[in-house]
Amino acid sequence: MFQVALTGLLTGLALIVAVGAQNAFLLRQGIRGEHVLPIVLTCLVSDVVAITLGVAGLGVVLERWPAVLPVAQVLGGVYLIAFGVHAAMRAWRPTKLDAGDGVAMTTGRAVLLTLALTWLNPHFYLDAVLMLGTVANSFGTDRWWFLAGTLIASVLWFFGLGYGARLLRGLFARPAAWRVLDSAIAVIMGALGVGLLAH
């Protein structure tokens, strides 16, 4: 049981620890110290729902109706490009890059953005539902221990990234650092969006 849970933990970390749209947004908000807990909890609840559905067998459903993924790809691609453009505009105006400057995002908007960056990303379904669901089900009745391991990975990663980002706050006291971060986020979001549309 422990070995299966450890496999789930390592597999979950391998999939989740990547610079994607969701992680980039969480990193930025963590550095700013804005709505970190609601964003982290939204990420966690999304993972719990998606991975549990995958382990419970929804991965099989997606394999049978693959037409669902192209629709998500188009929606996700357009959204990511728009988010990238917005990040590029923030980078273009350094006066709004300081953690204490500009209009603070509301909690509701932060949660909605997190939901959009998560659920409009087809890779989220492929990783959380299809891949983890398939791997988990290969363990038979022990698949729930695998699920427990992946969920522990999500807890460790999201809380670590969200609250660990504050360690970089001194670096990001300079507007130039925010310009670099937002430029990187713009490139990442834009590349991911174009990649989704290209497929």
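Just so you know, all these numbers are worked out from the coordinates, no wet-lab data involved. Predicted model only: the values in this text are computed from it and were never measured. For neighbour counting, all protein chains shown are included, and Cβ atoms are generated from backbone atoms with ideal geometry for every residue, glycine included.
Overview of values
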read-out	value
Karplus 3J(HN,Hα) series, Hz, for the stretch 39-50 with 6.51 cos²θ - 1.76 cosθ + 1.60 (x for Gly, Pro)	5, 4, 5, 5, 4, 5, 4, 4, 5, 4, 5, 5
Euclidean distance of C-alpha centroids, the stretch 114-181 and the stretch 13-46, integer Å	7
Residue order, fewest to most beta carbons within 10 Å, for R166, R90, R64	R64, R166, R90
